[in-house]
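Visitor: Please find one structure pasted underneath; my questions will follow.
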Amino acid sequence: MDDRANGRKHNGQTHKGQGSGPDRRRRDPDGEGRRNNRGRERNRGGNAPRGFSESTPAQRVREADAARLVAFEVLRAVSKDNAYANLVLPAKIRANRLDKRDAGLATELGYGALRAKGSYDAVIAACVDRPLADVDEAILDALRLGAHQLLAMRIPPHAAVNQTVGLARAVIGAGPASFINAVLRKIAAKDLSEWLDELTAGLSDPVKIAAIRQAHPEWIVRALRQSLVAHGRPVEEIDALLEADNAAPVVNLVALPGLGDLAEAFDADFTPGPLVADSALSAGGDPGRLGSIREGVVRVQDVGSQLVARALAAAPLTGTGGAPERWLDLCAGPGGKAALLAALAKQRGATLLANEPAEHRAELVRKALAAVPGELWQLRVADGRTIAEDYPETFDRILVDAPCSGLGALRRRPESRWRRTPAEVAELSQLQRELLVAGLAALKPGGVLGYATCSPHPAETLAVVTDVLRKRDDLELLDAGEVLDGVALKPLHAGQPAAGLGNSGSGASAQLWPHLHATDAMFLTLIRKTNREN
């Protein structure tokens, strides 16, 4: 018998009195046999009623279907290896040769269980008789998969339980599978709404309630409430924002202008993107199957990122001279925005320098830029904070897409909400200031720098820009919302009042939102260096 049969972590102890001779019949403490006269086994584990199972051992699922196996392997990679689901899942789908239907199921299972982990763990904790820290992590991952099927998918309860138990029996063991079976049957006794009502009963703090109901850590709920207010949105939008974080991700594609097109994507049931030219959307499937993706002329990229790159390319310059423009992507890894900028630069007769300090990410940038003629771009592998040492006041357009907490992309990185900490925000904000200062030093008079983050957190957005701009008198803030509207297919209304930013009274930052624009929560400020000749 597997010593983890009751869900406890292995402790190296053996169990006595469990012989298997022909005359020895294992019995429950109440004196009844483990199997009834129809061969059905008594349930064990958790606090579930100890009734008999609905099937005999010969009838039970004893193998894992491909989609659930892929989802489970993704959860294990995230839990055990600290992996990123958006990197692991496509590789697992291809390795297991899943068709479109199974790939969609694996995606929903894996991403859904990771996103709602906080809520599901609270439900699971109410169904077991020990702290979750004492439950083996592999068993816990299987329970999360089962809970997601039972509480958030249109899968019949018996199928959700049987398939999850079959998966556990195949990849974890028969003993743990019995424990998982008992816990899932108790979870199935209530729907999600009933569980959430029970778990939040008696709570008065709206942050704590939202954290349980919307499966976000409390600190992130507080940070996003502050972000809404800081960017001029009503705090009452918090539930809509958190719900948008929990929505199934939509795959966004961009065809590199002048290099690729979306004909193949449209043949594969992608639809035209409603916000920006040369974009397409899909709710499922593996875009890596498309030849244009493999060639690099069509790329997976959130629409918010596409809009930021296009806005920088469209921002008005003043008096930079008639020479071909030079552009800089200061924080280029992994290369998505760099590729789009390079394609846009090609159309304008400009060139791009992509800077990335980490060699492994620099290699990703090289691959991303490979579809653009090599004479139009260069790659610098160095700390972006030293850029002005080599290129003082050199570039006409600079993108500083600074490393950030990623709070604006939680829907695409479902595990990140459980990994990030408030301390990281403080550490990153200092780096963001240093990169912005360095970028401004490399900007030509009359040139424009776009400071962007995939986070709406005021400590990473407004506070960074305010701190840097208030120390200088040679900068002016453009209306980023107006520029974004100029490159979008329809008005975004993303601009916000300057709120003291910079020295220009007419300038404004821009903030995109998942619940309003169906994009990542990208922040953008466009800063122009005053032309000293004027």
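The values are calculated or read from the model by the stated rules, or taken from the named source; none is laboratory data. These numbers come from a predicted model, not from an experiment. Reconstructed Cβ throughout: ideal geometry from the backbone, glycine too, with neighbour counts over all protein chains shown.
Visitor: Looking at this structure, is G104 touching a residue at least 60 places away in the same chain (Cβ under 8 Å), part of a helix (DSSP H, G or I) and under 23 Å from K190 (Cα atoms)?
Guide: Considered against the rule, which asks whether it is touching a residue at least 60 places away in the same chain (Cβ under 8 Å), part of a helix (DSSP H, G or I) and under 23 Å from K190 (Cα atoms), G104 comes out as no.
Visitor: Which condition does A170 not pass, out of (1) in the same structural domain as L75 (by TED's automatic domain parsing); (2) surrounded by 19 or more Cβ atoms within 10 Å (Cβ to Cβ), if it passes all the others?
Guide: (2)
Visitor: On the basis of being of a type outside the set (G, A, S), farther than 24 Å from A518 by Cα and not in a loop (DSSP other than H, G, I, E, B), does L196 make the cut?
Guide: When the stated conditions are applied, L196 passes them.
Visitor: For E73, indicate whether it is buried (at least 17 other Cβ atoms within 10 Å of the Cβ) and modelled with pLDDT of 85 or more.
Guide: yes
Visitor: Further question on the same structure: I'm trying to understand the selection: among the residues of the stretch 322-351, which are more than 19 Å from V254 (Cα to Cα) and either touching a Phe, Trp or Tyr at 6+ places or on another chain (Cβ under 8 Å) or in contact (Cβ under 8 Å) with a residue 40 or more places away in the chain (or both)?
Guide: Residues satisfying the conditions are E325, R326, W327, L328, L330, C331, A350, T351.
Visitor: Does S405 satisfy being assigned to a helix (DSSP H, G or I), in contact with a Lys or Arg (Cβ under 7 Å, 6 or more places away or on another chain) and either under 28 Å from V250 (Cβ atoms) or in the same structural domain as G260 (by TED's automatic domain parsing) (or both)?
Guide: Criteria not met by S405.
Visitor: Quickly run through the stretch 113-124 and pick out the residues that are small (G, A, S), assigned to a helix (DSSP H, G or I) and surrounded by fewer than 24 Cβ atoms within 10 Å (Cβ to Cβ).
Guide: Within the stretch 113-124, G118, A122 qualify.
Visitor: So G446 ticks every box in (1) outside any strand (DSSP E or B); (2) in contact (Cβ under 8 Å) with a residue 60 or more places away in the chain; (3) surrounded by fewer than 22 Cβ atoms within 10 Å (Cβ to Cβ) but one. Which box is left unticked?
Guide: (1)
Visitor: Anything in the stretch 384-425 that is of a type outside the set (A, V, I, L, M) and under 19 Å from L352 (Cβ atoms)? List them, or say none.
Guide: Of everything in the stretch 384-425, those that are of a type outside the set (A, V, I, L, M) and under 19 Å from L352 (Cβ atoms) turn out to be G384, T386, D390, Y391, P392, E393, T394, F395, D396, R397, D401.
Visitor: While we're here: Which ones in the stretch 153-167 are surrounded by fewer than 21 Cβ atoms within 10 Å (Cβ to Cβ) and not polar (S, T, N, Q)?
Guide: Across the stretch 153-167, the qualifying residues are M153, R154, I155, P156, P157, H158, A159, G166.
Visitor: May I pose another question? Based on this model, can you work out whether R294 counts as of a type in the set (K, R) and out of contact with any strand residue (DSSP E or B) (no Cβ under 9 Å at 6 or more places or on another chain)?
Guide: For R294, the condition - of a type in the set (K, R) and out of contact with any strand residue (DSSP E or B) (no Cβ under 9 Å at 6 or more places or on another chain) - is met.
Residue-wise test of (1) in contact (Cβ under 8 Å) with a residue 12 or more places away in the chain; (2) on the phi > 0 side of the Ramachandran plot; (3) in a helix (DSSP H, G or I); (4) assigned by TED's automatic domain parsing to the domain that holds A510.
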| position | (1), (2), (3), (4) |
| --- | --- |
| S204 | no, no, no, no |
| A211 | yes, no, yes, no |
| W219 | yes, no, yes, no |
| A223 | yes, no, yes, no |
| S227 | yes, no, yes, no |
| G232 | yes, yes, no, no |
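Visitor: Just need a number here: residues in the stretch 121-144 that are within 25 Å of the chain's Cα centre (by Cα) and either closer than 17 Å to A77 by Cα or not hydrophobic (A, V, I, L, M, F, W, C) (or both).
Guide: Adding up the residues that qualify gives 9.
Visitor: If you go through the stretch 81-102 one residue at a time, do you hit one that is crowded, with 19+ Cβ neighbours inside 10 Å and aromatic (F, W, Y)?
Guide: no
Visitor: On to the next question. Out of the stretch 125-158, which residues are assigned to a loop (DSSP other than H, G, I, E, B) and among the basic types (K, R)?
Guide: R130, R154
Visitor: Still on this structure, I have one more. Among the residues of the stretch 178-223, which ones are exposed (fewer than 14 other Cβ atoms within 10 Å of the Cβ) and among the polar types (S, T, N, Q)?
Guide: S193, S204
Visitor: Can you pull out every residue in the stretch 452-482 that is over 14 Å from L436 (Cα atoms) and assigned to a helix (DSSP H, G or I)?
Guide: Within the stretch 452-482, A480, G481, E482 meet the criteria.
Visitor: Which condition number does E375 fail, the rest of (1) within 22 Å of S455 (Cβ to Cβ); (2) of a type outside the set (G, A, S); (3) not in a strand (DSSP E or B) being met?
Guide: (1)
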